[in-house]
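Visitor: Sharing a structure here in structure tokens format.
The values are calculated or read from the model by the stated rules, or taken from the named source; none is laboratory data. Note that the coordinates shown come from a computational prediction; the quantities given were computed from them, not determined experimentally. So basically every Cβ, Gly included, is an ideal-geometry build from the backbone, and we count neighbours across all protein chains shown. Only protein heavy atoms, including side chains, enter the accessible area calculation; ligands, DNA and RNA are left aside. Shrake-Rupley method; radii C 1.70, N 1.55, O 1.52, S 1.80 Å.
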Amino acid sequence: MTKTVIRGGDIVVWHDGGHAIMPGGNVVIEGDTIVSVSRDDPGQADVTIDAIGKLVSPGFINCHVHAGIDTQVLMTDKGAHGYYNSGMVFAGASAETMGSRGPTLSGEERRVAGLYPIIELLKSGVTTFFDIGGSIGDVDVFGELVGESGVRAYVGHGFEQATWVLDAETGAFRYHQHRESGIEGFKRGVRFVEEHDGDHNGRLRGAIVPAKLDNLTPELLKEAQAAAESLDVPITIHAAQAGYEFHEMIRRVARTPIQFLADLELLTPRLILGHCIYVAGHRLTAMPPGDDLRLIAQGGSSVAHSAVVFARRGIAMESFQRYLDAGVRMTFGSDTLPRDMLQEMRLASYLCKVVDSDWSAAHTRDLFNAATVKGAEALGRGDLGKIAPGAKADIFVADLRKFHIGPVIDPILALVHEANASDIDTVLVDGKVVIEGGQHTSIDHDWLLTTAEEIGRKQRASIAARDWKGRAEDEIILQTFPILA
Ligand SMILES: [Zn+2]
């Protein structure tokens with residue numbers, strides 16, 4: 001068994017039920033597991049990582065990822081009335097054009113669409129992520145890439161029984177129903193878990209992913225929940241993520257999205273709620289405060305908060321602190337590029353402090369916990385999110401001796417509020433070094449970047465191909481400044 005030692009770093013060590021800092025300590029790893037954290041002489045090792053003067057942190061757990069080459073940044077500064085201020089899609093499809101859902105990618109491009117986000121996540125210190133379902137089209141291929149890259153992941157096949165579309169005449173928002181294909185998708189999802197859960201020394205775990213609360217029948221939601229229970233895997237859903245979704249559920253069943261899930265008995269500790277911004281009492285719901293947060297806390301479900309993607313659309317959670325105070329388990333997800341947990345934590349903190357007009361809100365301790373041990377709890381994992389004997393050796397090493405950080409007096413404040421993802425130089429998953437000097441140990445970054453550019457061009461073209469109004473690329477994309485010929 002390989003013995004690895006991370007030597008002399010300032011370690012975020014698990015101590016007395018919480019994170020603490022051990023300056024100048026050694027982490028000893030045997031195989032995939034941490035065996036000791038102390039200042040004792042670690043003895044001889046097969047692999048030694050010099051961490052003197054650096055921060056040694058548990059890897060981040062990102063609970064909401066959409067794998068693929070993401071172009072959501074194009075939505076910035078734009079919107080469509082049909083989607084309220086959610087701006088979910090700046091150029092939606094109609095029922096007629098939705099068939100052309102994405103660009104045709106070559107086999108190599110599909111590999112890159114899967115590998116790119118994985119490498120990006122690893123480089124930013126994420127050692128475990130939860131992919132929200134089949135974003136690159138073929139979840140089996142994605143499972144193989146998890147194996148190849150060395151990351152730890154929860155992966156499911158996303159399914160839904162309706163698609164958000166815009167009316168081809170008016171541009172009004174519509175639900176286009178396709179119930180049977182959603183049931184087929186659910187069955188594929190179950191098959192994926194049965195075939196792949198536990199692959200790659202347990203680094204690949206399955207998950208059940210009913211994609212969007214408003215696009216599924218109560219019957220299939222119940223079935224999905226039962227499948228997650230019997231397969232013993234997590235389940236995640238986009239819920240309370242949009243104004244039109246909130247009001248659609250009020251119109252359909254006179255319940256908020258969260259009340260609807262509570263009625264179906266879906267709010268269990270197994271469930272991770274993607275986004276969960278539109279709870280009763282949020283100013284954009286036009287609804288007085290209700291019992292949504294209490295229901296989530298009572299059920300023991302978790303929220304994966306993605307501050308960046310919503311802030312770009314003018315939306316903030318109200319508020320991170322209010323959810324914590326209600327007893328809701330808060331975790332982070334990145335949703336979009338950059339898939340950068342440091343940026344997510346920082347923005348979540350500042351938006352919360354502003355929304356609450358309170359400097360003490362969204363304390364850095366709670367942000368760091370959400371990005372580590374709370375994410376682990378959400379996945380039902382006592383062996384992740386902490387540096388402790390018996391835990392999996394999922395760890396990153398950050399060099400905080402940088403101009404943009406300055407003197408490091410409190411290393412967690414420095415990391416969360418001043419550092420960049422590029423300050424993370426070494427990442428281990430399952431005891432194995434996968435990022436060294438900021439680079440993946442076996443996958444070529446130039447190849448990923450060059451191929452991603454090509455995929456981006458194809459995606460740009462496909463946005464026009466499925467536009468409800470049949471507009472040309474340049475009419476939809478609206479560059480910030482004109483591009484000269
Ligand atoms: Zn999402």
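Visitor: List the residue pairs whose Cβ atoms are under 7 Å apart, where the first residue sits in the stretch 435-464 and is at positive phi, the second is part of a strand (DSSP E or B), and the two are 6 or more positions apart or on different chains.
Guide: The qualifying pairs are Gly437/Asp425; Gly438/Asp425.
Visitor: Still on this structure: When you scan the stretch 36-76, how many residues do you find that are surrounded by 17 or more Cβ atoms within 10 Å (Cβ to Cβ) and among the β-branched types (Val, Ile, Thr)?
Guide: Residues flagged as surrounded by 17 or more Cβ atoms within 10 Å (Cβ to Cβ) and among the β-branched types (Val, Ile, Thr) within the stretch 36-76 amount to 6.
Visitor: Also, quick follow-up: State all residues of the stretch 226-259 that are open to solvent by 20 Å² or more (accessible area, probe 1.4 Å) and not in a loop (DSSP other than H, G, I, E, B); if no residue qualifies, say none. Step through it out loud before you land on a result.
Guide: At the first step, the residues of the stretch 226-259 found to be open to solvent by 20 Å² or more (accessible area, probe 1.4 Å) are 226, 229-232, 247-248, 250-255, 259.
Result: Ala226, Glu229, Ser230, Leu231, His247, Glu248, Ile250, Arg251, Arg252, Val253, Gln259.
Visitor: Residues in the stretch 327-338: is at least one closer than 20 Å to Leu267 by Cβ, open to solvent by 40 Å² or more (accessible area, probe 1.4 Å), hydrophobic (A, V, I, L, M, F, W, C) and more than 16 Å from the ligand (Cβ to nearest atom)?
Guide: Checked the stretch 327-338: no residue is closer than 20 Å to Leu267 by Cβ, open to solvent by 40 Å² or more (accessible area, probe 1.4 Å), hydrophobic (A, V, I, L, M, F, W, C) and more than 16 Å from the ligand (Cβ to nearest atom).
Visitor: So is Lys54 out of contact with any Phe, Trp or Tyr (no Cβ under 8 Å at 6 or more places or on another chain) and closer than 25 Å to Gly382 by Cα or not? Spell out how you get there, then give the answer.
Guide: Values: out of contact with any Phe, Trp or Tyr (no Cβ under 8 Å at 6 or more places or on another chain): yes; closer than 25 Å to Gly382 by Cα: no.
The answer is no for Lys54.
Visitor: Follow-up question, since we're still on this one. How about the stretch 459-474: which of its residues are among the charged types (D, E, K, R) and within 17 Å of Thr97 (Cα to Cα)? Reasoning before the result, please.
Guide: Applying the first criterion (among the charged types (D, E, K, R)) to the stretch 459-474 yields 460, 466-467, 469, 471, 473-474.
Of everything in the stretch 459-474, those that are among the charged types (D, E, K, R) and within 17 Å of Thr97 (Cα to Cα) turn out to be Arg460, Arg466, Asp467, Lys469, Arg471, Glu473.
Visitor: Pairs needed: first member in the stretch 9-21, more than 13 Å from Gly59 (Cα to Cα) and in the same structural domain as Val37 (by TED's automatic domain parsing); second member anywhere, among the acidic types (Asp, Glu) and part of a strand (DSSP E or B); C-beta distance under 8 Å; at least 6 residues apart or different chains.
Guide: The qualifying pairs are Ile21/Asp10.
Visitor: Right, here's the next one. In the list Gly281, Gly274, Gly314, which residue meets the criterion of being over 18 Å from the mean Cα position of the chain (by Cα), modelled with pLDDT of 95 or more and either assigned by TED's automatic domain parsing to the domain that holds Ser349 or more than 16 Å from the ligand (Cβ to nearest atom) (or both)? Write out each step before concluding.
Guide: Numbers: Gly274 fails: over 18 Å from the mean Cα position of the chain (by Cα); Gly314 fails: modelled with pLDDT of 95 or more.
Only one candidate passes the filter, namely Gly281.
Visitor: While we're here: Can you name the residue in the stretch 339-362 that is polar (S, T, N, Q) and surrounded by fewer than 18 Cβ atoms within 10 Å (Cβ to Cβ) and is also nearest to the chain's Cα centre (by Cα) among such residues?
Guide: In the first step, residues of the stretch 339-362 are kept if they are polar (S, T, N, Q); the result is 343, 349, 357, 360.
Retained after the next criterion (residues that are surrounded by fewer than 18 Cβ atoms within 10 Å (Cβ to Cβ)): 343, 357, 360.
Details: Gln343: 13, Ser357: 27, Ser360: 26 Å.
The selected residue is Gln343.
Visitor: Go through Ala398, Ala391 for me and flag whichever is closer than 25 Å to Tyr116 by Cα and more than 15 Å from the chain's Cα centre (by Cα). Walk me through it before giving the result.
Guide: On the way: Ala391 fails: closer than 25 Å to Tyr116 by Cα.
After applying the criteria, what remains is Ala398.
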